[in-house]
Each structure stands twice: as C-alpha cells, then as structure tokens.
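A short worksheet on the structure shown next.
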Amino acid sequence: MKYIYLKTIGTMETSIVEDLKRSLSLLIPFSLRCVYDNEYPLFAFEPERNQYYAKKIIVKLASEIPHDCEKLIAITDVDLCTPVLTFVYGEAQLGGKVAIVSMNRLEKEYYYLPPGNTTLLVDRLVKECIHELGHCYGLFHCHDSQCVMFFSNSIFTIDNKQKRFCMKCKEFFERQIGKEHNHAEK
Amino acid sequence: MPRSRILVVDDEEIMRSSLSDWLIEDGYDVLAVEDGFHALERVKQEEWDLAVVDLKMPKMDGLEVLKKMNKIKPKLPVIIITAYATIDSAVMAIKEGAADYIVKPFNPEEISIVIAKLVERQRLIKENIRLRRALAKRFKFQDLVGKSPEMLKVIEMIKTVAPTKSTVLIRGESGTGKELVARAIHELGPRKNFPFIAAACGAIPETLLEAELFGYEKGAFTGAVSQHKGRIEMADRGTLFLDEIGDISPKTQVDLLRFIQEREFQRIGGKTAIKVDVRIIAATHKNIEEMIAKGEFRDDLYYRLNVITIEIPSLRERKEDIPIFAEHFLEKFSLDTGKTVDNISDEVMKILIGYNWPGNVRQLENAIEHALVVSQEPEIKVQDLPQYLITQEDIRDEIKPTQSMSDMERRHIAHVLKAHGWNITKTAQVLGINRITLYKKIKKYNLKKDKDTGTRP
C-alpha cells in the first residue's frame, strides 16, 4: 500500500498538521502519513531575498523519498520563492512525486491581522496541498476561479476558490491516478 | 482549444527553467532557448503567441532580439524582462515596440495578468484574421447571382467602382440586394480589411439617427451617461453604408452634407472636430428626383451622393434570373438545414417565374426557405410553397393591362396581409420587406383591416 506523505519542514504545530491530515483524508482518495522534520533547509536559503528556493528543497526531498510513498507534500513555515517569482505559496514537480507548500503567507499575521483560530489557515493549506498534488498528477492551472487548480496569485484568489476540482480537472485527476497505478502494477 | 505557445529567451539556465516550469504549469506550451540567435531561428520557423526575452544577454542583447523579431513577425508581442531595470532601457524597449517591460523576479499577480492579457489579445487577433478569411471566402459574389444582361451590367459596375474612393448611390426596389452590392464594393476594394458599417436610416427613429451616426459625448443629453462613438467614426478607414437615405430628415441631411464636404464632424455635445477617412455608399428605393422637386430632399446632398449610380433591376425585370436564384437559395438552405432537397419541380418553377415578386430577391429567398423547411421529399412541390404563391392564380386573373405598378403593389400587399390575418411580422417576412416599410405602404395605400374578410383595400 502506498501513502501520501505529509512532511513538515521547520517549526510546525502538530495540531495544525493533524487537522490538515484529517481534512485532506476526506477530500483525496489516499491514506496519509505524517513525518516531522524540524530542521530548516538552509541549503535552499537565498540571503539576498531572505527566502528559500522551493525547487532546491524539492530536488533534495525527491532524492530521499520513502519506498511506500505515492506522493510527498512538504509543509513548511518558511517563505518560498523561485528565481523568477517574488514568492510562491507552493511548488510541485509537474507529473512527479514531490511538492512543497508554505504556510508563511497563509497565516493571518502575515497580513497584520490578529491571530484567531487555525481553521482559516488549515483551509488555505488544504487548498494549496490539493493544488500542488494536482500538479504532481500532471494537472495544469485551470481557468475556473472556483476550481482548486486555479492559479493562486494572491491570498484573495486562494480564499475565493473551493477545496475541490472542477468537473474537468476531477476527471483528469482520477484518470491520472488510474494510469499511474496501472503503470506501477506492470 | 490549442495551448498558446510562448518562447522564452534567457541566457541563465536557472531563469529559463524556472520561468518555463511556471508557464507550463499555467497551461502554456513553452520553449526556452539560451540566446537571440536560436530565438530568431525559432521565430522564423514556427508560430508563437508571445516571446519573453531577457534584456541582458551576451552576443545579442534583448533589444536587438526585439528589433529583429519585430522585423520577422511584426505582430508577435514581446515582453522584455530584466533584473537590472533602468528607466532608459525601459523607454528604449517600449520605443522599439515591446509589449511590456517587467523586472525580475516577478510579482506572481502582475506577471500572470500581463501574460494572460497578451495571449488573449493574440488569440483574438488570430481569430479575427481567421474569421475575415472565412467571411471573404464565403462572400465572393455568392449571393449576387444572375446571368441577365441587367445583372451582368451591375456586376461589371461593382468591379469598376470598387477600387476607387468615389461615393456611390445604389438604387433599386426593396429586396433587390442593395446592401449586398454595397458589401461587394467594400470587399473588392482596398478597404476590405477595415470595417463595413451599415446604418439603416429608415429603421432608426429620427431622434436617434443623429446620435447613431455622429455619436455623442458624455452628458450631451439626458441618458448620455458615457461617450458613444457614432457609425461614421466606427467606419474610419472603411465603408459607411447609408441605407434608405431618402428617409432622413432635413436636419440630418444638412449634417450629413457638411460631413461629406469636409470629411470631419463633431460628436453631439462635442467641441473638437473628428477627421475620418470613410467611403460612403448610399442606397434608396425612393425616387429622389421627385423628392427634390417637392423640396423633401436637398439637391446639394443628392449631387454629393450621386457621383456614381448603380441601378439594380427588380426581379420582375430579369425573370431569366429567377431559376438561377431559386437553385442558388435551395443549395444554400440545404447546406444550412442539412436537408437533402436538391430539385425544384417544373410546375413550381413555372409559378416562381410567373410571379411578380414585389419583395424581389429577398421575397424569393424567403419563399425558397419556406418551401425547403416544409418539404418532405427530395424535390420541392407546389404544396411546399407559401400560400400566397399557390393562390396567386386568383390575383393573376385580376391583372389587367391597364393597371399601374402601384395598383398592383397595393393589391398584392392587401392579399398577403389577408392571407396572414394581418400579422405584420409574417407579412413583411413573406413580402421580403422590413416592418417599417410595410407600415409605410399600409399607410400609403390606406389599407385597413376588414372585420369580416380581413382586408379592405
């Protein structure tokens, strides 16, 4: 049996990760496993930008993937970026195994709002995790602003979209899961 | 829909792969190359929707690439990106025709909007070109069929006047295809890639016609909540077709005359004169000379419009064209409806040729469409024709050699009105004229609905 791994990187509250795992298990057809890693990925740190390169972390994670891992989603509290974008909420290997999601810009405090309960944060994390997971199964961004695969370029677009795929993306997602499993069995 | 294609040009491998990965995730078909030479090769060989070019590159910099790309594919939008932004380079890039200038790293919100906008614009340009081609193919004199000497003369005239800039006045009864002739002149002339704007002067209420033609500024009158371009302005560099020119009021005649003389106008409520380059084609079914004599139409406007006249003969003056039109419309509607009706019986053809067609070609077109919809067999039979054609024997019996044309028209309109229980829309459709023209004719001939019989001519 294969699992979707949720791997924390940095300082993450266990309760948030557990809530995320619970919410995700209701929305995706996989069993989930949590792995905790408190170390910060300093090898990916870019001092000039005071941010971490998402791709460098992904490459490292891909080299040490567990054998029973269907896909691995790393969750981190550090601020992620790419060489061309000022920041990213997450990054994934398109049609690959690994994705990463940052909760840095998903927290209320980032927008100078008083911290409340973690429901909104977990909701946002769920959306971004499913979004990146979609990329791992080969899905592109969707034009439907309600679909979870809609490109999130601001916190408003994340809050506006749903935690589910639109019909077209759902069909593609399920087909891809079937394809990958058939391929693995062969 | 095929994915839009983006060409990325950057000498830094990390930038290339980062940008292409993100663009691919965003649903684009991407190719990334490391220098201008490779990029120009690709632009020459393939079709692209957008190029994203780094400014600082060894050997050939982004501005040089932009200039050369513009020469090869002038319509290809190019975004210049740089990590070393300066006002000078930004100005230079825009001057050289860059679609945008963006600083690396990009704000995700900004870059996604810029790219989506440019790609959508490019898609619309391509769609526009495709539709224009399709339209040009579809047009090709298709509906201007006819082999009668009168019609051949009209076609010859269209070919002669099309390349010129002269104003044309098209004359002919309702339904003879005046707009079709105007479109043919536009399509065959040098203005074919610019708009053909038609204004049915008779169908637009007098109070609105001026605003419709000249446009208005915000606040020019109650309800003018925003600036509105008029049809004259919309037709800039193209053709303005003024249909039913004989129906315009003396006030609009003056405004139109001034515009034709000076080739400039002011929007209603506007203060600045707007210059346009428009070819004017006017059309009328009225006897303008008679109107001038009565003082209803300005003679100076008439002389301005009547530089070249094309007279379209009525269908009854070229009966030999009726079978050609009938076959043509049959083929056209068969294609549209997917029905395989490919023949017209001899008896039906006899009726078609014998009929007077007061609504001209448009009426014949409607009659064939009616027959094709009703027909259950591969051949159009008498029973498939509209009722007024089947019962026309009664009218023909009444025709006397001493009857005038207007008397004939009055009788025929009354007959069709009666046959359709005074349903104006249906009657206008059958006669092949618009509802306004029908109302005018009812008024002109003083036709009234009879309680018992439906009509009292």
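The values are calculated or read from the model by the stated rules, or taken from the named source; none is laboratory data. Here the structure is a predicted model, which means the values were calculated and not measured. Here Cβ is always computed from backbone atoms with ideal geometry, including for glycine, and neighbour counts include all displayed protein chains.
Assorted remarks:
- For segment A:108-140, the set of residues classified as charged (D, E, K, R) and away from chain B (no Cβ under 14 Å) consists of A:108, A:109, A:123, A:124, A:127, listed by residue number.
- Test result for residue B:269, exposed (fewer than 13 other Cβ atoms within 10 Å of the Cβ) and on the phi > 0 side of the Ramachandran plot: no
- Segment A:123-147, residues that are closer than 17 Å to residue B:28 by Cα and of a type in the set (Asp, Glu): A:144
One line per residue, one yes/no per condition, for (1) modelled with pLDDT under 85; (2) surrounded by fewer than 15 Cβ atoms within 10 Å (Cβ to Cβ); (3) within 14 Å of chain A (Cβ to nearest Cβ):
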| position | (1), (2), (3) |
| --- | --- |
| B:101 | no, no, no |
| B:104 | no, no, yes |
| B:107 | no, no, yes |
| B:114 | no, no, yes |
| B:133 | yes, yes, no |
| B:137 | yes, yes, no |
| B:158 | no, no, no |
| B:165 | no, yes, no |
| B:183 | no, no, no |
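Table: residues versus (1) touching a Phe, Trp or Tyr at 6+ places or on another chain (Cβ under 6 Å); (2) small (Gly, Ala, Ser); (3) touching a residue at least 40 places away in the same chain (Cβ under 8 Å).
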{"site": "A:138", "(1), (2), (3)": "no, yes, yes"}
{"site": "A:142", "(1), (2), (3)": "yes, no, no"}
{"site": "A:153", "(1), (2), (3)": "no, no, no"}
{"site": "A:156", "(1), (2), (3)": "no, no, no"}
{"site": "A:163", "(1), (2), (3)": "no, no, yes"}
{"site": "A:180", "(1), (2), (3)": "no, no, yes"}
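- Flag for residue B:124 being under 33 Å from the mean Cα position of the chain (by Cα) and either over 30 Å from residue B:36 (Cβ atoms) or more than 14 Å from chain A (Cβ to nearest Cβ) (or both): yes
- Test: residue in segment A:125-146 that is in contact with a Pro (Cβ under 6 Å, 6 or more places away or on another chain), among the charged types (D, E, K, R) and over 16 Å from residue A:15 (Cβ atoms): no
- Contacts under 7 angstrom Cβ, first residue in segment A:29-55 being away from every other protein chain (no Cβ under 14 Å) and among the small types (Gly, Ala, Ser), partner in a strand (DSSP E or B) and exposed (fewer than 14 other Cβ atoms within 10 Å of the Cβ), 6 or more apart: none
- Among residues of segment B:12-51 being closer than 17 Å to residue B:69 by Cα and among the acidic types (Asp, Glu), the one that is farthest from the other protein chains (Cβ to nearest Cβ) is B:41.
- Residue check, residue B:179 out of contact with any Cys (no Cβ under 8 Å at 6 or more places or on another chain), crowded, with 18+ Cβ neighbours inside 10 Å, part of a helix (DSSP H, G or I) and in contact (Cβ under 8 Å) with a residue 12 or more places away in the chain: no
- Of the residues in segment A:138-145, none is among the polar types (S, T, N, Q), more than 21 Å from residue B:3 (Cα to Cα) and surrounded by fewer than 16 Cβ atoms within 10 Å (Cβ to Cβ).
- Within segment B:295-304, none of the residues are of a type in the set (Asp, Glu), part of a strand (DSSP E or B) and closer than 25 Å to residue B:179 by Cβ.
- Residue within segment B:261-282 that is in a helix (DSSP H, G or I) and either in contact with a Gly (Cβ under 9 Å, 6 or more places away or on another chain) or among the aromatic types (Phe, Trp, Tyr) (or both) present: no
- Per-region count, segment B:231-253, residues assigned to a helix (DSSP H, G or I) and of a type in the set (Val, Ile, Thr): 3
- Candidate set from segment A:141-173 (those that are of a type in the set (Phe, Trp, Tyr) and assigned to a loop (DSSP other than H, G, I, E, B)); member that is farthest from the other protein chains (Cβ to nearest Cβ): A:165
- Residue under evaluation residue A:71, criteria (1) among the charged types (D, E, K, R); (2) away from chain B (no Cβ under 13 Å); (3) surrounded by fewer than 22 Cβ atoms within 10 Å (Cβ to Cβ), criterion not met: (3)
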